[in-house]
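Take a look at the structure set out below.
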Amino acid sequence: MHAKLHALSPELESFASEPYYQVIGNEFELFSAAARKKLPVLLKGPTGCGKTRFVEYMAWKLGRPLVTVACHDDLTSADLVGRYLLAGEETVWLDGPLTAAVRAGAICYLDEVVEARKDTTVVIHPLTDTRRVLPVEKRGELVRAPDDFLLVVSYNPGYQRVLKELKQSTRQRFVALDFDYPPPALEAAIVARETGIELATAEQLVKVAGLTRNLKGQGLDEGASTRLLVHAGHLIAAGVAPRDACQAAIGRALSDDADSVASVDDLIRAVF
């Protein structure tokens, strides 16, 4: 049974080489200090600004495996903690990603945590205070977190707080780090590095992004993220005309509203 249980357990991600991340402020020092002191970390910032890449980078720097969970409306506590499953004629226990991360002393990253059901986030509370334990009620087990275990969560306050807010009872358990899009020159360098396009073209993409970010709240929920610029850069590197690449990777990705898409297309034509 143990062999079957191990075969079904969530995989821990490790990195053979350093994930590319450009440190912008003091996020490296703050995260490293929190990890040393076993303090859970909350990353706050807009979609596509590099939060997930930063966690991957820090997992590599700290030499710890990483378990990432993309939170969503249907995520249950059983999805995180684990459940019994039928394996042939046997009933075996399958650790969820959170339990697997705790047992392994890994970093567990709950991406966009407020998207999960409210009752799900309560499961993490015993891991975020001095107890550092995970109750697995279905097994009558209390899993104690080793020193290397670290809980990291993220959310986008600029967008998600309109519909969902991170409760104070959860928020005040974390050290919070603010993330935002890099300064234009640095963002252009990142896009050029990630995609292989010319720096001048990357600078034009960043200019488009800046214009769309000015439309936030005026037809757009969010402006173009660094991630979308990288997508556009990859299309350009593949031979797609810059204007077409921007329309596909930025304009159509930002909105389904015809007027908003037309406004973004106008910005793209103004730059390219």
Residues (over 19 Å from the mean Cα position of the chain (by Cα), of a type outside the set (S, T, Y) and surrounded by fewer than 16 Cβ atoms within 10 Å (Cβ to Cβ)) located in the stretch 168-206: Q168, Q172, P183, P184, A185, L186, R193, G196, E198, L199, A200
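Taking G82 as the residue in question, decide whether it is on the phi > 0 side of the Ramachandran plot, in contact (Cβ under 8 Å) with a residue 24 or more places away in the chain and crowded, with 19+ Cβ neighbours inside 10 Å. It would help to see each step written out before you state the result.
On the way: on the phi > 0 side of the Ramachandran plot: yes; in contact (Cβ under 8 Å) with a residue 24 or more places away in the chain: yes; crowded, with 19+ Cβ neighbours inside 10 Å: yes.
So G82 passes the test.
Being aliphatic (A, V, I, L, M), farther than 30 Å from E194 by Cα and surrounded by 22 or more Cβ atoms within 10 Å (Cβ to Cβ) narrows it down to one of L94, L98, so name that one. Talk me through it step by step, then tell me what you get.
Values: L94 fails: surrounded by 22 or more Cβ atoms within 10 Å (Cβ to Cβ).
Among L94, L98, only L98 is aliphatic (A, V, I, L, M), farther than 30 Å from E194 by Cα and surrounded by 22 or more Cβ atoms within 10 Å (Cβ to Cβ).
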Some residue of the stretch 217-226 being over 20 Å from A192 (Cβ atoms) and not in a loop (DSSP other than H, G, I, E, B): yes
Candidate set from the stretch 89-125 (those that are without any contact (Cβ under 8 Å) to a residue 40 or more places away in the chain and over 22 Å from the mean Cα position of the chain (by Cα)); member that is farthest from R171 (Cα to Cα): E89
Residue ID - nearest to T68 (Cα to Cα), chosen from residues in the stretch 82-102 that are modelled with pLDDT under 90 and not in a strand (DSSP E or B): G88
Residue satisfying condition, being modelled with pLDDT under 90 and of a type outside the set (K, R), within set G140, G158, G105: G158
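The values are calculated or read from the model by the stated rules, or taken from the named source; none is laboratory data. As the structure is a prediction and not an experimental result, all values here were calculated from the model. All Cβ positions, even for glycine, are placed from backbone atoms using ideal geometry, and neighbour counts span all protein chains on display.
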